[in-house]
Amino acid sequence: MLSRCEEFVRNVLPTARSLIARKMLKERGLTQVQVASVLHVSQASVSQYLNARRGEKLMTRLANDPDVNKFLDRLVDDLLDKNTPDERKESLMCDLCALVFKKHLDCFLASERSSGPTVQ
């Protein structure tokens, strides 16, 4: 059985990064290179997020959830604010994880959890 953190990293984080990258490009006018720098990923990864090659598993659920969108807007603000401490940025990812699991946005993964390989 995967831990909540493992499930977040495997299933939610790519979708969150995709949504964050899209917000930074479309709403904030950043380039792919700038987004990559903020997210600590390569420009090629940003391109894959934007072209639906990464992070599409939960896209509809997260993109259509008003609470998640509101949270991601605040997250983008904090990620772009050079005065936001790294510890705060890290804790925001934990907050996003808590929000997603609280709202049961991962429920469709339940069948994967029960039928997939387990981690000891």
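We did not get these values from a lab; they are worked out from the coordinates using the rules stated. Please read these numbers as outputs of a predicted model, since none were measured by experiment. Heads up, the Cβs are rebuilt from the backbone with ideal geometry, glycines too, and the neighbour counts pull from every protein chain shown.
On average over all directions, what projected area in square nanometres does the stretch 4-110 have, based on the convex hull of its Cα atoms?
On the way: hull surface 25.1 nm².
Over every viewing direction, the Cα hull of the stretch 4-110 projects on average to 6.3 nm².
Per 0.36 nm of contour for each residue apart, how much would the distance between Thr60 and Leu80 grow if the chain were fully extended, relative to their Cα-Cα spacing?
Values: separation 20, 0.36 × 20 = 7.20 nm, distance 2.49 nm.
Between Thr60 and Leu80, full extension yields 4.7 nm more.
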Against the rule of thumb 2.2 N^0.38 Å, how large the Cα Rg of the stretch 36-83 comes out: 1.27
Asp67-Arg4 pseudo-label distance in nm [points 7 Å out on the Cα-to-Cβ vector]: 1.3
Förster radius 25 Å - calculated FRET efficiency between Ala44 and Lys89, Cβ distance, rounded to 0.05: 0.65
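Sort 85-96, 28-39 by the packing proxy (mean of other Cβ within 10 Å over each peptide's residues), most packed first. If you can, show how the numbers build up before the last one.
Details: 85-96: 12.6, 28-39: 15.7.
Order by mean packing, descending: 28-39, 85-96.
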